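What follows is a set of notes on a single structure, which appears directly below.
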Amino acid sequence: MSSYVNQPDGVFPSVCSLDCPDQCGLLVHKKDGKIIKVEGDPDHPVTRGKICNKVRHIAERLYDKKRLQYPVKRTGAKGEGKFKRISWEEAIKEIAIRFRHLADTYGPECILPYSFYGNMGYLNAEGMDRRFFHRLGAAELERTICQVAGAQGYKYTMGGAVGTDPEETVHAKLIIFWGINAVSTNMHQIIYAQKARKRGAKIIAIDVHKNQTARFADWFIPVRPGTDGALALGMMHVLFAENLVDESFLEKYTVGHRQLREHVRRYDPETVSGITGVPAKDIVKLARMYGETPASFIRIGNGLQHHDNGGMNTRAIACLPALTGAWAAKGGGAVKSNSGVLALNSAFLQGVHLRKEKPKRIVNMNQIGEALLSAKPPIRAMFVYNSNPAVVAPEGNKVREGLAREDLFLVVHDLFLTETAAYADIVLPATSSFENLDIYASYWHHYIQLQQPVIAPYGESKSNTEVFRLLAKEMGFTEPEFSESDEELIKGALSGHLNPHIEHITFEALQENQYMKAKRGPWPVPGTLPTPSGKIELYSQKMLDDGYNPLPVHIPLKKESDHPFIFVPTVNHHFLNSTFSNNEKHMKMEKEPRLHMNIRDAEKLGISDGDLVRIWNDRGECFLKAATGEEVLPGVIVSRGLWSHQPGVNRLVNTLTPARLADMGGGASFFSGRVSVAKAAMLPTEKNETGG
Ligand SMILES: Nc1nc2c(c(=O)[nH]1)N[C@H]1C(S)=C(S)[C@@H](COP(=O)(O)OP(=O)(O)OC[C@H]3O[C@@H](n4cnc5c(=O)[nH]c(N)nc54)[C@H](O)[C@@H]3O)O[C@H]1N2
Ligand SMILES: Nc1nc2c(c(=O)[nH]1)N[C@H]1C(S)=C(S)[C@@H](COP(=O)(O)OP(=O)(O)OC[C@H]3O[C@@H](n4cnc5c(=O)[nH]c(N)nc54)[C@H](O)[C@@H]3O)O[C@H]1N2
Ligand SMILES: [Mo]
């Protein structure tokens, strides 16, 4: 056990484990063996002592009286949340017996793991768990809920998840926050932008919602949802037409610029204005600002790619820095994700070789509702950890109906009795990241960080690695992969030298330094990009081979129904997806969920600010209070936060979101759904009580 755990008092270095690009360095204050305060580590080179409010108050979550302390077994109906205490021994035994019986009777692919990045630690997110399910031969889960569509779109252009080093962006002279609410979701990029602004940089936000980031910007450009590709193409039209492109960069670093120049003639500002809702003169102004500022930086968000056309739109935006040669300017370029810079030895960690047969059943996590309800042969068991699908996954009614199936054996491992756990047969208590040894690699900045356990496990809780070691043992999996310690997992993850940027980073060095930066040479170097040509691909033969247009194009959102509004249910400031959505302090900081709608739409519907409204479509309904104004364009409504169900008031926004897959990578299309809105005649509680 780490020396930190054995010291009841003191201040210890740590890492934030949340699924957030900033991955802050923390200092954890302990008294009598308990965490009493969490603050930012002032020495961390990127996060520099500044942390968000939600993590500043994380101790309230760690010691929340609702936190799970021991394993429990269901005694009530599924979803009712009635459980009795059992021992770990009983829990592990029962899971192993059920899994073995199911695997023997129906084949192991009737068992499905369901997880995401509730904890970003490599060991606890994709370590022993993956080894276990590979060895079992379970069905495979495609982890597509977050960023895959945009990642694939970016990859077609740039070859991989690599962009500008964010530390350089203080030198940028123009910063565009494109489909990202960075004030809430990437606050240290905002701090860099503030520094850049002091040196003369202009800040632009392009979004469907006048959020905090839009208010921070010098210029906010509202766009219609799912039209960013068209806006980027309109910018390209102006850049080529007005000779604002960097010919020598295009020649040396890209393929296909001649085809692209021809192709974008059709995306003139008038046409693009008709698609995006951005006035033609603003498209020209934006393109000129971009073209005249070599050190321009685009922070490409996740929001804009949660659409039917999210892959292609990201692909289009990713072409822009190549047109102006921004990649070659200090601080210029773009970041979608930088995870490629810090890639660890995943093959080792995940033990893919332990799988004896190729998986026949692959389930896309965005379609978990449908899979649970109608996969043939049925999914008979599911093990959920690091995720809360009952709240975060699309088509929520189907998800919850699937979780409620009497014949589904459901195990949930979490720190809390989440909405998903309420449906479980067995719930296992999880340690928080402060109780684990783990390794963290940011998907934005370039530092790998070590988490040494700071406190002892809470109650009887266990880490993910420990749970899967125990289960493997109980199942009789004797491979040495299942007895490796967390330290051995970290050492293996850093070995193999698959990634030259991190060759110098070892477990021992991390123990001494806490965080270490990747070594990157000059970038991009023509001929060395991981695209097929080694260059930035403005024209992509690979896209053509994969069935896409080889050039960036605008493809409209699917018109799924006649409901009049496009519904964009985003995340909020004080929660992390659904994490914190049940913690009193964080709920209080966030106040209540609101539905932002344009005042003209509201007036037409007789809705006033503060009215409770019903939002519905063919997938279901939910209820929120209206916030009317000019924050969104007519025809669009935006909510913030993945709130849980409140007795009587269904605030589960994902009840309404489509499980339809985006154009690339099997990604989610959370923000492409259509809904109707009306003033709720009475509180839904009254309605339920009167049976209406
Ligand atoms: N405080 C906080 N921080 C978080 C999270 C959290 O829940 N809370 N979640 C974390 C996770 S997992 C992720 S993936 C990231 C996500 O963080 P971001 O990258 O910021 O993505 P979102 O918040 O999903 O959406 C960002 C913006 O996209 C806008 N948007 C929606 N559709 C469109 C469109 O078609 N075009 C344009 N231009 N904009 C559009 C939305 O209005 C929203 O303001 O944040 C991480 N950080
Ligand atoms: N409407 C709408 N829906 C969305 C989004 C949106 O913008 N709008 N965003 C989507 C995105 S980008 C994402 S990434 C997903 C995220 O969705 P999820 O991955 O489900 O994220 P969270 O809601 O944070 O739930 C994480 C859970 O993991 C648990 N946990 C934390 N640490 C550990 C651990 O060490 N072990 C175990 N066993 N459990 C742990 C937490 O307590 C929490 O219950 O949501 C998606 N859903
Ligand atoms: Mo995400």
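The values are calculated or read from the model by the stated rules, or taken from the named source; none is laboratory data. All values reported here derive from a predicted model rather than from experimental measurement. Don't worry about glycine lacking a Cβ; one is built from the backbone with ideal geometry, like all the others, and counts go over all protein chains shown.
Restricting attention to the stretch 320-336, and to residues there that are touching a strand residue (DSSP E or B) at 6+ places or on another chain (Cβ under 7 Å), touching a residue at least 60 places away in the same chain (Cβ under 8 Å) and of a type outside the set (Gly, Ala, Ser), which single residue is surrounded by the fewest Cβ atoms within 10 Å (Cβ to Cβ)?
Looking at residues that are touching a strand residue (DSSP E or B) at 6+ places or on another chain (Cβ under 7 Å), touching a residue at least 60 places away in the same chain (Cβ under 8 Å) and of a type outside the set (Gly, Ala, Ser), I get Trp327.
Of everything in the stretch 231-271, what is touching a residue at least 40 places away in the same chain (Cβ under 8 Å) and in a loop (DSSP other than H, G, I, E, B)? Give them in sequence order.
Result: Glu242, Leu244, Val245, Asp246, Gly256, Tyr267.
Can you tell me how many residues within the stretch 373-407 are in a loop (DSSP other than H, G, I, E, B) and more than 24 Å from Ala125 (Cβ to Cβ)?
Going through the stretch 373-407 one residue at a time, the tally reaches 10.
Under 6 Å between Cβ atoms, at least 6 apart or on separate chains: pull out the pairs that start in the stretch 108-136 with a residue that is free of Cβ contacts under 8 Å to residues at least 60 places away in the same chain and over 20 Å from Ser483 (Cβ atoms) and end on any residue that is assigned to a helix (DSSP H, G or I) and among the hydrophobic types (A, V, I, L, M, F, W, C).
Within 6 Å, the pairs are Pro108/Leu136.
Which number in (1) within 16 Å of ligand 2 (Cβ to nearest atom); (2) at pLDDT below 95 marks the one condition that Ser17 misses?
(2)
Only residues that are within 11 Å of ligand 1 (Cβ to nearest atom) and out of contact with any strand residue (DSSP E or B) (no Cβ under 8 Å at 6 or more places or on another chain): list them for the stretch 152-189, please.
The answer is Val183, Ser184, Thr185, Met187.
Does the stretch 205-226 contain any residue that is of a type in the set (Asp, Glu) and either within 21 Å of Thr293 (Cα to Cα) or more than 16 Å from ligand 2 (Cβ to nearest atom) (or both)?
For the stretch 205-226, residues of a type in the set (Asp, Glu) and either within 21 Å of Thr293 (Cα to Cα) or more than 16 Å from ligand 2 (Cβ to nearest atom) (or both): present.
Matching residues to (1) over 25 Å from Leu557 (Cα atoms); (2) surrounded by fewer than 23 Cβ atoms within 10 Å (Cβ to Cβ); (3) in contact (Cβ under 8 Å) with a residue 40 or more places away in the chain:
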| residue | (1), (2), (3) |
| --- | --- |
| Lys285 | yes, yes, no |
| Ile300 | no, no, yes |
| Asp308 | no, no, yes |
| Val341 | yes, no, yes |
| Lys358 | yes, yes, no |
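How many residues are assigned to a loop (DSSP other than H, G, I, E, B) and either over 17 Å from Thr579 (Cα atoms) or modelled with pLDDT under 95 (or both) if we restrict to the stretch 421-436?
Number of matching residues: 3.
Going through Ala232, Ala182, Ala161, Ala205 one at a time, which residue ends up being within 16 Å of ligand 3 (Cβ to nearest atom), crowded, with 24+ Cβ neighbours inside 10 Å and not hydroxyl-bearing (Ser, Thr, Tyr)?
That would be Ala182, the only listed residue that is within 16 Å of ligand 3 (Cβ to nearest atom), crowded, with 24+ Cβ neighbours inside 10 Å and not hydroxyl-bearing (Ser, Thr, Tyr).
Here are some conditions: (1) out of contact with any helix residue (DSSP H, G or I) (no Cβ under 7 Å at 6 or more places or on another chain); (2) of a type in the set (Ser, Thr, Tyr); (3) more than 14 Å from Lys155 (Cβ to Cβ). Tyr539 meets all but one. Which one does it not meet?
(1)
So, in the stretch 417-458, exactly how many residues are among the polar types (S, T, N, Q), farther than 21 Å from His44 by Cα and within 20 Å of the chain's Cα centre (by Cα)?
Count: 3.
Six or more apart or on different chains, Cβ atoms under 6 Å: show the pairs whose first residue is in the stretch 137-163 and more than 27 Å from Ser578 (Cβ to Cβ) and whose second is in a strand (DSSP E or B) and away from ligand 1 (no atom under 13 Å from the Cβ).
Close Cβ pairs (under 6 Å, with a partner that is in a strand (DSSP E or B) and away from ligand 1 (no atom under 13 Å from the Cβ)) amount to Thr157/Glu537; Gly163/Gly333; Gly163/Ala334.
Is there a residue in the stretch 374-388 that is surrounded by 24 or more Cβ atoms within 10 Å (Cβ to Cβ), aromatic (Phe, Trp, Tyr) and modelled with pLDDT of 95 or more?
Yes, the conditions are met somewhere in the stretch 374-388.
Would you confirm, using the coordinates I've provided, whether Thr144 is touching a strand residue (DSSP E or B) at 6+ places or on another chain (Cβ under 7 Å), more than 16 Å from ligand 1 (Cβ to nearest atom) and among the β-branched types (Val, Ile, Thr)?
no
Can you spot a residue in the stretch 95-102 that is surrounded by fewer than 19 Cβ atoms within 10 Å (Cβ to Cβ), in a loop (DSSP other than H, G, I, E, B) and not hydrophobic (A, V, I, L, M, F, W, C)?
no
Answer with yes or no whether Lys542 is at pLDDT 95 or above, of a type in the set (Lys, Arg) and within 27 Å of Glu262 (Cα to Cα).
So Lys542 passes the test.
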